[in-house]
Amino acid sequence: MAAVTTREAITRPPLAGAVFAVRELRFWLTNYRRTWRGSIYSSLLNPLLFLGALGLGLGSLVNQHRDAAIGGVSYLVFLAPGLLAATAMTTAVGESTYPVLASVKWVKTYQAATASPLRPADIFHGHMLFVALRLTMNCAIFLAVSAVLGAVHSYWALASLPVAVLTGLAFNATIESWAITRTRDTSFAVIFRFGMIPLFLFSGIFFPITQLPGWLQPIAYATPLWHGVALCRALTLGAVTLGGALINVGYLVGLTAIGVAAGNRSYRRRLYV
């Protein structure tokens, strides 16, 4: 432990952490060049199929009534920004679980990285940068397809891209700070089945939160996905307000900051053994 303490105490230039994080990012990009084909379905085709099947298919039935609960817009217009935020969530959760455990347990690339000048925080931040790039790519493609299908009604929709990325990073930072502590992958099923799926169904993507039972609405409003969905929808409809945007962004930034702080500590504990 004395060697670890000495290494942590070494003073580095202020920008050294960012430089080393970019080096870790380069590793993930090199790895992704060999694996990107396997992520096409889960990252892109799955949400786009949802958009087509529900937004255009089911939407044709919903549009016959033009329910005021969805703002009098077509169901495709209502659905698209919700699926944009959900795409960010699913991408972030996927990148924050198995790839992290694999790096620390099975292929041990994290242990190899700690033998270099990189510190655990550099490794963590580098992977977050990679996740941010994946989020930007997936969400940008989804937003472009939504615009082609006529689901975008305002130039403010461009701002929904960074909002979706921020939504994904809020999930990424918090889940990754926990995933690095795992020794088996069995607990990941709990995250997918009892975390991601309920959020996907009950965070205002497919219907307004006001349609939920009264006791369940405050719980839905407290979830990070709802904040992402609400702000993305307000932006794509051109109905965003300053107060609402500040609340949504503040919540997501705060959750991301908590996750980063927790991740810095959990990465250091796991990799400095």
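The values are calculated or read from the model by the stated rules, or taken from the named source; none is laboratory data. Just so it is clear, the structure is predicted and the values come from calculations on it, not from any experiment. Don't worry about glycine lacking a Cβ; one is built from the backbone with ideal geometry, like all the others, and counts go over all protein chains shown. Only protein heavy atoms, including side chains, enter the accessible area calculation; ligands, DNA and RNA are left aside. Shrake-Rupley method; radii C 1.70, N 1.55, O 1.52, S 1.80 Å.
Those residues that are within 10 Å of the chain's Cα centre (by Cα) and not hydrophobic (A, V, I, L, M, F, W, C), I need them from region 152-171; list them, please.
THR167, GLY168
Residues of region 107-142 being open to solvent by less than 60 Å² (accessible area, probe 1.4 Å), among the charged types (D, E, K, R) and farther than 19 Å from ALA88 by Cβ, which ones?
Listed by number, the residues that qualify are ARG119, ASP122.
Would you call THR256 under 16 Å from VAL100 (Cα atoms) and either among the polar types (S, T, N, Q) or not in a helix (DSSP H, G or I) (or both)?
Taking the combined requirement at face value, the residue does not satisfy it.
Taking region 188-215, which residues are surrounded by 12 or more Cβ atoms within 10 Å (Cβ to Cβ) and over 20 Å from ALA170 (Cα atoms)?
PHE206, PHE207, PRO208, ILE209, GLN211, LEU212
May I ask you to list the residues in region 18-47 that are surrounded by 15 or more Cβ atoms within 10 Å (Cβ to Cβ) and among the small types (Gly, Ala, Ser)?
Result: ALA21, SER39, SER43.
Quick check on region 236-253: of everything there that is open to solvent by 60 Å² or more (accessible area, probe 1.4 Å) and part of a helix (DSSP H, G or I), which residue is farthest from PHE207 (Cα to Cα)?
VAL253
Of a type outside the set (Val, Ile, Thr), in contact (Cβ under 8 Å) with a residue 40 or more places away in the chain and either part of a helix (DSSP H, G or I) or open to solvent by 20 Å² or more (accessible area, probe 1.4 Å) (or both), is that true of PHE50?
Considered against the rule, which asks whether it is of a type outside the set (Val, Ile, Thr), in contact (Cβ under 8 Å) with a residue 40 or more places away in the chain and either part of a helix (DSSP H, G or I) or open to solvent by 20 Å² or more (accessible area, probe 1.4 Å) (or both), PHE50 comes out as no.
Evaluate the following for GLY254: is it touching a Phe, Trp or Tyr at 6+ places or on another chain (Cβ under 7 Å) and of a type outside the set (Asp, Glu)?
Against the criterion (touching a Phe, Trp or Tyr at 6+ places or on another chain (Cβ under 7 Å) and of a type outside the set (Asp, Glu)), GLY254 does not qualify.
Without any contact (Cβ under 8 Å) to a residue 40 or more places away in the chain and under 16 Å from the mean Cα position of the chain (by Cα): which single residue out of PRO99, PRO81 fits that description?
On inspection, the qualifying residue turns out to be PRO99.
Collect the residues in region 256-272 that are under 14 Å from HIS127 (Cβ atoms), open to solvent by 30 Å² or more (accessible area, probe 1.4 Å) and among the aliphatic types (A, V, I, L, M), keeping them in residue-number order.
Selection gives VAL260 alone.
Return the pair list, or none, for Cβ contacts closer than 9 Å from residues in region 103-119 that are within 20 Å of VAL19 (Cβ to Cβ) and modelled with pLDDT of 90 or more to residues that are among the hydroxyl-bearing types (Ser, Thr, Tyr) and open to solvent by less than 40 Å² (accessible area, probe 1.4 Å), at least 6 apart or on different chains.
THR109/SER103; TYR110/SER103; TYR110/TYR267; ALA113/SER103; THR114/TYR272; ARG119/TYR267; ARG119/TYR272
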